[in-house]
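Student: One structure, pasted below without further comment.
The values are calculated or read from the model by the stated rules, or taken from the named source; none is laboratory data. Note that the structure is a prediction, hence the values are computed from the model and not measured. Cβ placement follows ideal geometry from the backbone for every residue including glycine, while neighbour counts extend to all protein chains displayed.
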Amino acid sequence: MEFVNPYLFWILLVPFVLFAFLISTNKERLSRIFDEKVLARLSASSESMPLKLRNVLMFAAIFLMIVALARPVKELEDKVVHVQGLTLLTALDISGSMRSTDVYPNRLTLAKKKMNLFFDEMPSDEIGVVAFAYSPFVLAPFSSDKETLKMMVDGVDDSYINMGSTDYVALGELANKLLEKKDPKIMVLFTDGGDEEAVAGFADVLKANKIDLYVVLVGTDKGAPVLDEKGKPLMKKDGTIAITQRNDALGLLAKENNGAYVVAGTGKEDIEDLAAVIKGKYKKQQKGEIRVKQRVEYFYYPLGLGLFLLLIGLSSLPRSRNKEQIADGKGGTK
């Protein structure tokens, strides 16, 4: 048998011993003032339990409670639990082009919807979420609680939109930091894409750190105007309306980095297909095992016995003499 909290036992044992010593060797205050015969006449009825026995019960009860606090247990062999699941990092594009309305109701809302569908397709996997544009940041740490992840993603609204240029290199560096101890390293982007110049450095980061890339592209080839925070189209320097189209360069980059891509549609088949590809590719790497410590708890035995002894000790407190006894006592003094 072992103790989970042995330090509590030793910490509490010292004051307990001192307390028991003082109580057992120190006379009652009244015995210092009154004569023993007078004190016997003034004391409670002798029908209760003797003081020494009651003290022993109290001390035993306190000692057993200290033992219970130390938490005695019997250690058993570790239980091996086989688990299945991957660790993936998802990234949501919050650049200015995500306000465009070439998909209903806009690219950002559709990307969020697709991300939530992806969570549903990966129920036993740990997923982290980052948002990216000019500067990427962690939106939710790795978790298997998909409802919490959905809540975090749903909280991303138009106020998160960043009109600055998208820094894919910074995204790659953050992804590498978050996935540093993961194997395999998987990142899934939900974005309207990026041109070849913007993703050039991104490709180098992915290859250098062996990060597999998967992409869900939102938007259309035709494109739509880039909107500001008030919903008005942005104008170029030459006075024409700025149009943003879906760029498939990231999709092609994903295929080059051991991944795949899909173009977001109105249904959920696209996400189902992407999830199936990921699960199929890493099927052998999804399996793992964790060891769970097993032990038998014994603290309730000393705790129960201690409470029982305490109850006996408290119930045996001396009772006051009744009126008849007092009357008899008076008669005896005449």
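Student: For region 167-183, what are the residues that are assigned to a helix (DSSP H, G or I) and either of a type in the set (A, V, I, L, M, F, W, C) or under 21 Å from the mean Cα position of the chain (by Cα) (or both)?
Tutor: Result: Val169, Ala170, Leu171, Leu174, Ala175, Lys177, Leu178.
Student: Go over the candidates Leu206, Leu253, Leu303 one by one and state the one that is over 32 Å from the mean Cα position of the chain (by Cα) and either modelled with pLDDT of 90 or more or under 30 Å from Ala70 (Cβ atoms) (or both).
Tutor: Within the list Leu206, Leu253, Leu303, the selection yields Leu253.
Student: Would you please name the residue that is surrounded by the fewest Cβ atoms within 10 Å (Cβ to Cβ), looking only at residues in region 90-130 that are more than 16 Å from Asn247 (Cα to Cα) and of a type in the set (Gly, Ala, Ser)?
Tutor: My answer is Ser124.
Student: Ok, one more. So how many residues does region 254-269 have that are part of a helix (DSSP H, G or I) and farther than 16 Å from Met115 by Cα?
Tutor: 3
Student: Then there's this: Considering only residues that are under 28 Å from Met187 (Cβ atoms), among the aliphatic types (A, V, I, L, M) and either in contact (Cβ under 8 Å) with a residue 60 or more places away in the chain or part of a strand (DSSP E or B) (or both), which ones fall in region 228-253?
Tutor: Leu250
Student: Take Leu309 and decide whether it is in a helix (DSSP H, G or I), under 30 Å from Val67 (Cα atoms) and in contact with a Leu (Cβ under 7 Å, 6 or more places away or on another chain).
Tutor: In short, yes.
Student: Here's another thing I want to ask about it. Of the residues in region 131-154, how many are crowded, with 20+ Cβ neighbours inside 10 Å and either outside the structural domain of Ile94 (by TED's automatic domain parsing) or among the aliphatic types (A, V, I, L, M) (or both)?
Tutor: Here the count works out to 5.
Student: Only one of these conditions is not met by Glu272: (1) in a helix (DSSP H, G or I); (2) modelled with pLDDT under 90; (3) surrounded by 12 or more Cβ atoms within 10 Å (Cβ to Cβ). Which number is it?
Tutor: (2)
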